[in-house]
1. Given the conditions (1) surrounded by fewer than 18 Cβ atoms within 10 Å (Cβ to Cβ); (2) free of Cβ contacts under 8 Å to residues at least 60 places away in the same chain; (3) under 21 Å from Pro113 (Cα atoms); (4) more than 13 Å from the chain's Cα centre (by Cα), which single one is not true for His45?
2. For region 43-55, name all the residues that are in a loop (DSSP other than H, G, I, E, B) and within 16 Å of Glu107 (Cβ to Cβ).
3. Applying the selection to region 117-152, what residues are of a type outside the set (A, V, I, L, M), more than 20 Å from the chain's Cα centre (by Cα) and farther than 14 Å from Tyr87 by Cα?
4. Just to be sure before I move on: is Gly58 at pLDDT 95 or above, assigned to a loop (DSSP other than H, G, I, E, B) and surrounded by fewer than 20 Cβ atoms within 10 Å (Cβ to Cβ) in the structure I sent?
5. Has region 52-61 got at least one residue that is within 20 Å of Trp138 (Cβ to Cβ) and in contact with a strand residue (DSSP E or B) (Cβ under 7 Å, 6 or more places away or on another chain)?
6. One residue is enough: does region 11-21 have a residue meeting the conditions assigned to a loop (DSSP other than H, G, I, E, B), touching a strand residue (DSSP E or B) at 6+ places or on another chain (Cβ under 8 Å) and of a type outside the set (S, T, N, Q)?
7. Would you check if Lys126 is on the phi > 0 side of the Ramachandran plot and of a type in the set (D, E, K, R)?
Amino acid sequence: MGKTMQLKIKAQLENVEELKTNHPDFSFSLKLKCSGCGEISDKWHDVTESERFPGKTGRSENNYIAKCKMCGRENSLDIIPGSNAPYSNNDSGKLKAIVSFDCRGIEPIEFQPGDGWIIKIEESGKIFRDVDLSEKEWVEYDEKIQQSVGIYEFYSELH
């Protein structure tokens, strides 16, 4: 194992029971930094647990493999199986880890939430699928409970 890093999120939930990813097919969009030379990618890189790629030796497979443009080092990153956790109404307003990464020579330094989120509403139990959080908030109306539902002040950090 390499260095373990966690993606933690914080949000205000309005009438939302649970926010989670469509694991294991969710693409975590990350900015990455080479631990060797400190080079930070200018692009966003998608890391998905259900996708595996062979390394140059062909012996191991990883969720993400890349050669650093600056130092030429081959780095890899894996989503640690079973580390995906939902963010629930009990977590509202608090930081909570929703996934852990096994980092070898590369570190995620920034996360960009996109689509693929699943939201379960309190009381009605209604499920909204493939929700896009790229604007860091989401608002909808639930007919059954006749109230607005939403996610606000979405924030993330990596440690």
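1. (4)
2. Initially, region 43-55 is screened for residues in a loop (DSSP other than H, G, I, E, B), giving 43-44, 49-52, 55.
Lys43, Trp44 - these are the residues of region 43-55 that are in a loop (DSSP other than H, G, I, E, B) and within 16 Å of Glu107 (Cβ to Cβ).
3. Our first condition is that a residue be of a type outside the set (A, V, I, L, M); within region 117-152, this holds for 117, 120, 122-126, 128-130, 132, 134-138, 140-144, 146-148, 150, 152.
Then keep just the ones that are more than 20 Å from the chain's Cα centre (by Cα); that gives 122-126, 140-144, 146-148.
Answer for region 117-152, where residues must be of a type outside the set (A, V, I, L, M), more than 20 Å from the chain's Cα centre (by Cα) and farther than 14 Å from Tyr87 by Cα: Glu123, Ser124, Gly125, Lys126, Glu140, Tyr141, Asp142, Glu143, Lys144, Gln146, Gln147, Ser148.
4. Working: at pLDDT 95 or above: no; assigned to a loop (DSSP other than H, G, I, E, B): yes; surrounded by fewer than 20 Cβ atoms within 10 Å (Cβ to Cβ): yes.
In short, no.
5. Let us first name the residues in region 52-61 that are within 20 Å of Trp138 (Cβ to Cβ), namely none.
The answer is no, given that none of the residues of region 52-61 is within 20 Å of Trp138 (Cβ to Cβ) and in contact with a strand residue (DSSP E or B) (Cβ under 7 Å, 6 or more places away or on another chain).
6. Here is the first cut: in region 11-21, the residues assigned to a loop (DSSP other than H, G, I, E, B) are 15.
Now narrow it down to the ones that are touching a strand residue (DSSP E or B) at 6+ places or on another chain (Cβ under 8 Å): 15.
Still in the list and also of a type outside the set (S, T, N, Q): none.
So far as region 11-21 goes, no, none of its residues is assigned to a loop (DSSP other than H, G, I, E, B), touching a strand residue (DSSP E or B) at 6+ places or on another chain (Cβ under 8 Å) and of a type outside the set (S, T, N, Q).
7. Details: on the phi > 0 side of the Ramachandran plot: no; of a type in the set (D, E, K, R): yes.
No, not satisfied.
Okay, residues lined up against (1) part of a strand (DSSP E or B); (2) more than 18 Å from the chain's Cα centre (by Cα); (3) modelled with pLDDT under 95:
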{"site": "Ala66", "(1), (2), (3)": "yes, yes, yes"}
{"site": "Lys69", "(1), (2), (3)": "no, yes, yes"}
{"site": "Ser83", "(1), (2), (3)": "no, no, no"}
{"site": "Lys94", "(1), (2), (3)": "no, no, no"}
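The values are calculated or read from the model by the stated rules, or taken from the named source; none is laboratory data. As the structure is a prediction and not an experimental result, all values here were calculated from the model. When we count neighbours, we look across all protein chains shown, and the Cβ atoms used for this are built from the backbone with ideal geometry, even at glycine.
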